[in-house]
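Data first, discussion second: the structure below is written as structure tokens.
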Amino acid sequence: MSSPKQLIPFAHHFLQPTTASHRQYEALRAFFVEGLSTAQVAERFGYTPASFRVLAHHFRKDPERPFFLPTAKGPHAAPKKLALRDRVIALRKQHLSIYDISRALQADGHPLSPVAIDQILKAEGFARLPRRADDERPAAVRPTTAAVADVQQLDLRPRTLHTKFGGLFLFLPALAVLPLDRILRQAGLPGSQMIPAAHAVRSLLALKLFGNARHSHVMSYVLDEGLALFAGLNVIPKRSFLADYSCRIDPTCYPELMRRWFDALGATGLPRGTSFDLDFHTIPHHGDDPLLEKHYVSKRSRRQKGILAFLAHDADTRVFCYANADVRKQDQADEVRNFVAFWKRRTGRLPEELIFDSKLTTYANLNRLNRQGIGFITLRRRAPHLLRAIAAAPPSAWRRIELEGVSRVYRTPRILDQRVTLSDYDGPLRQLVVADLGHEEPTILLTNQLPRSAAKLIGRYAQRMLIENHIEDGIDFFHMDALSSAVALRVNCDLQLTLMASSLYRLLGQRLGNGYEVAKSRHLFRDFIDATAVIRLSEREIVVRFQRRAHNPLLLAAGFGETEVAIPWLGRKRLRIELGQASVE
């Protein structure tokens with residue numbers, strides 16, 4: 001006979017555990033196999049020492065004791081279903097569906113579920129009935145079906161409507177000035193007679209502008225007339241169209257669209273800065289695509305497959321002015337040169353200053369930037385030999401400076417100001433080693449700005465750290481990589497919409513003033529855009545009336561109360577904004 005110690009590990013392979021017997025099995029295994037004492041087992045599994053000794057005694061005498069009992073199976077017959085079998089078959093021969101049969105049996109006082117009826121019919125060999133049209137089905141409670149999006153069905157007759165998306169109409173004055181229809185036509189974006197390109201893009205842009213996370217399902221908003229009116233349609237397009245539209249756009253259209261949108265923004269008076277923060281962002285891919293490369297994802301502190309996007313952020317106006325989502329590993333070091341060429345073509349001048357980290361480009365490209373007269377500040381990697389050389393520097397070589405205009409604890413760092421030479425770079429570079437900034441290791445900066453004061457250089461790079469916050473704002477608020485959304489967009493389309501939405505928020509911030517010029521998009525959304533409204537359509541006007549809110553005086557001061565601009569895609573009716581207590585009409 002096998003010993004209890006030999007039987008315990010194999011009992012679960014052939015016996016079915018129950019809740020009560022599982023505790024017995026684990027207790028006996030701990031006693032015989034793990035070698036725990038009676039008191040230890042009793043304490044762990046909630047037995048009294050005496051009761052567990054009785055259990056162990058019975059198991060020693062009968063090691064094959066079936067303390068793992070098989071589960072009892074239910075009856076193999078269904079009397080209720082069998083009693084109604086003939087009645088179900090008779091109703092089925094009248095070409096009634098399983099749901100009609102279930103309702104008929106319910107009316108006769110013999111309820112039977114559609115699943116049980118389907119099982120009876122399958123056992124008798126009945127095939128499924130053809131699917132009926134919607135108008136052939138019996139009356140029942142169903143979700144309200146929205147109309148098909150069609151610009152020709154846009155209803156601009158006088159009426160009053162309520163909308164959750166009232167804040168979007170604050171963007172209409174800027175959008176009315178921008179020639180979006182012409183820009184999209186020249187960029188080659190596709191459209192149809194029912195949904196032209198501008199109306200499709202405005203629909204996507206409306207969802208991008210509204211909210212701090214990608215909306216889980218656009219079908220929740222298809223009956224909101226205000227959202228459809230913003231886009232110039234009778235209803236907002238459904239999820240399938242929005243997801244499919246981004247796949248219909250030729251990737252070559254996006255650079256042209258970005259250039260023309262950039263030029264149109266310049267005509268609105270949005271200022272252009274001279275200093276730019278550059279960075280890469282990895283948009284993670286959660287599938288198994290062999291064509292995608294692995295890139296570092298800072299949010300997850302790991303490398304995974306994804307799409308590498310290059311972003312250029314205007315440090316003065318806080319606008320994303322350039323983006324590229326088609327960056328491959330072998331080309332990523334040259335993206336800084338592509339941005340310089342883009343800026344030169346669009347503005348006629350080179351950027352004055354570029355700020356980026358050590359992994360963005362190579363020393364050879366730094367040399368090209370220096371030859372073009374472009375100032376730069378970048379990090380240098382902390383190589384072991386470099387850290388050893390810094391540690392060997394005498395204390396007299398270090399000096400302490402004070403940073404101005406920086407609200408932080410570490411305002412008086414120590415610096416080591418040196419001139420260095422690097423391979424692939426002609427001439428000297430300025431190397432600033434900064435200690436006492438709150439990091440364990442010193443920060444090493446490289447720049448070609450030799451005469452500029454060290455305090456200003458370090459302060460400028462400290463501001464560059466904010467670019468990561470602004471990129472995060474663009475990615476989180478404008479939901480660039482929320483891939484679980486029901487509206488799945490191509491990355492190129494999503495990135496271009498993010499640039500456009502970011503620009504519109506900055507135009508709104510510039511017009512508001514009072515510190516909103518540098519406010520994050522989510523701040524502007526919370527104070528102004530997240531607002532319901534009552535919209536009154538008349539023969540010549542579209543009056544958007546907001547409820548009384550704390551920040552309405554700022555809108556009045558910015559001139560929104562005097563808005564009277566013709567909206568081209570809404571029959572050239574004039575938009576008027578009223579800020580006060582909305583009345584329910």
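For region 84-113, a tally of residues being surrounded by fewer than 11 Cβ atoms within 10 Å (Cβ to Cβ) and basic (Lys, Arg) returns 1.
Scanning region 123-137 finds one or more residues that are open to solvent by 60 Å² or more (accessible area, probe 1.4 Å), under 17 Å from LYS93 (Cα atoms), at pLDDT 85 or above and not in a loop (DSSP other than H, G, I, E, B). Residue count for region 511-543 under the criterion of being in contact with a strand residue (DSSP E or B) (Cβ under 8 Å, 6 or more places away or on another chain), buried (at least 17 other Cβ atoms within 10 Å of the Cβ) and among the β-branched types (Val, Ile, Thr): the result is 4.
Results for (1) of a type in the set (Phe, Trp, Tyr); (2) more than 30 Å from GLY266 (Cα to Cα), shown as yes or no for each residue.
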residue: LEU154; (1), (2): no, yes
residue: GLY166; (1), (2): no, no
residue: PRO173; (1), (2): no, no
residue: LEU184; (1), (2): no, no
residue: GLY191; (1), (2): no, no
residue: ALA197; (1), (2): no, no
residue: LEU204; (1), (2): no, no
residue: TYR221; (1), (2): yes, yes
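Collect the residues in region 545-561 that are open to solvent by less than 20 Å² (accessible area, probe 1.4 Å) and part of a strand (DSSP E or B), keeping them in residue-number order. If the condition is that a residue be open to solvent by less than 20 Å² (accessible area, probe 1.4 Å) and part of a strand (DSSP E or B), then PHE546 is the only one that fits. Being closer than 17 Å to ALA315 by Cα, in contact with a helix residue (DSSP H, G or I) (Cβ under 8 Å, 6 or more places away or on another chain) and either assigned to a helix (DSSP H, G or I) or charged (D, E, K, R) (or both) is the filter here, so list the residues in region 509-525 that pass it. Passing the criteria: GLY509, GLU517, LYS520, SER521.
Every residue, every condition in (1) of a type in the set (D, E, K, R); (2) at pLDDT 60 or above; (3) surrounded by 11 or more Cβ atoms within 10 Å (Cβ to Cβ), yes or no:
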residue: ILE8; (1), (2), (3): no, no, yes
residue: ALA11; (1), (2), (3): no, no, yes
residue: GLN24; (1), (2), (3): no, yes, yes
residue: VAL33; (1), (2), (3): no, yes, yes
residue: GLU43; (1), (2), (3): yes, yes, yes
residue: LEU55; (1), (2), (3): no, yes, yes
residue: LEU82; (1), (2), (3): no, yes, no
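Being among the aliphatic types (A, V, I, L, M), open to solvent by less than 10 Å² (accessible area, probe 1.4 Å) and over 23 Å from ILE542 (Cα atoms) is a property that holds for LEU184.
Can you say whether ILE542 is within 31 Å of the chain's Cα centre (by Cα) and β-branched (Val, Ile, Thr), as far as the supplied structure shows? Spelling it out, it is not the case that ILE542 is within 31 Å of the chain's Cα centre (by Cα) and β-branched (Val, Ile, Thr).
Any idea which of (1) surrounded by 12 or more Cβ atoms within 10 Å (Cβ to Cβ); (2) without any contact (Cβ under 8 Å) to a residue 12 or more places away in the chain is the one GLU353 doesn't satisfy? Tallying (1) surrounded by 12 or more Cβ atoms within 10 Å (Cβ to Cβ); (2) without any contact (Cβ under 8 Å) to a residue 12 or more places away in the chain, GLU353 fails exactly one: (2). The residue that is farthest from HIS313 (Cα to Cα), counting only those in region 241-284 that are more than 24 Å from the chain's Cα centre (by Cα) and part of a strand (DSSP E or B), is SER275. Only one entry in ALA174, ALA197 is open to solvent by 10 Å² or more (accessible area, probe 1.4 Å) and closer than 17 Å to SER503 by Cα, namely ALA174. Listed here are the strands (runs of 3 or more DSSP E) enclosed by region 319-410 that have at least 2 residues being within 16 Å of SER275 (Cβ to Cβ) and at pLDDT below 85: 320-327.
Listed by first and then second residue, the pairs with beta-carbon distance under 6 Å, at least 6 apart or on different chains, first residue in region 307-326 and of a type in the set (Phe, Trp, Tyr), second open to solvent by 30 Å² or more (accessible area, probe 1.4 Å), are PHE310/PHE280; PHE310/ASN324.
Tallying residues that are part of a loop (DSSP other than H, G, I, E, B) and either in contact (Cβ under 8 Å) with a residue 60 or more places away in the chain or over 17 Å from PHE171 (Cβ atoms) (or both) within region 562-578 yields 5.
Among the residues of region 479-500, those identified as modelled with pLDDT under 70 and touching a strand residue (DSSP E or B) at 6+ places or on another chain (Cβ under 9 Å) are MET480, ASP481, LEU483.
Listed here are the residues, each with its yes/no results for (1) open to solvent by less than 20 Å² (accessible area, probe 1.4 Å); (2) modelled with pLDDT under 75; (3) within 19 Å of ALA333 (Cα to Cα).
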residue: TRP261; (1), (2), (3): yes, no, no
residue: GLY266; (1), (2), (3): no, no, no
residue: PHE280; (1), (2), (3): no, no, yes
residue: HIS286; (1), (2), (3): no, yes, no
residue: LEU291; (1), (2), (3): no, yes, no
residue: ARG303; (1), (2), (3): no, yes, yes
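The values are calculated or read from the model by the stated rules, or taken from the named source; none is laboratory data. Keep in mind it's a predicted model, so treat the numbers as computed, not measured. Neighbour counts are summed over all protein chains in view; Cβ atoms, including those assigned to glycine, are modelled from backbone coordinates with ideal geometry. Calculation scope for accessible area: heavy atoms of the full protein, side chains included, ligands and nucleic acids excluded. Shrake-Rupley method; radii C 1.70, N 1.55, O 1.52, S 1.80 Å.
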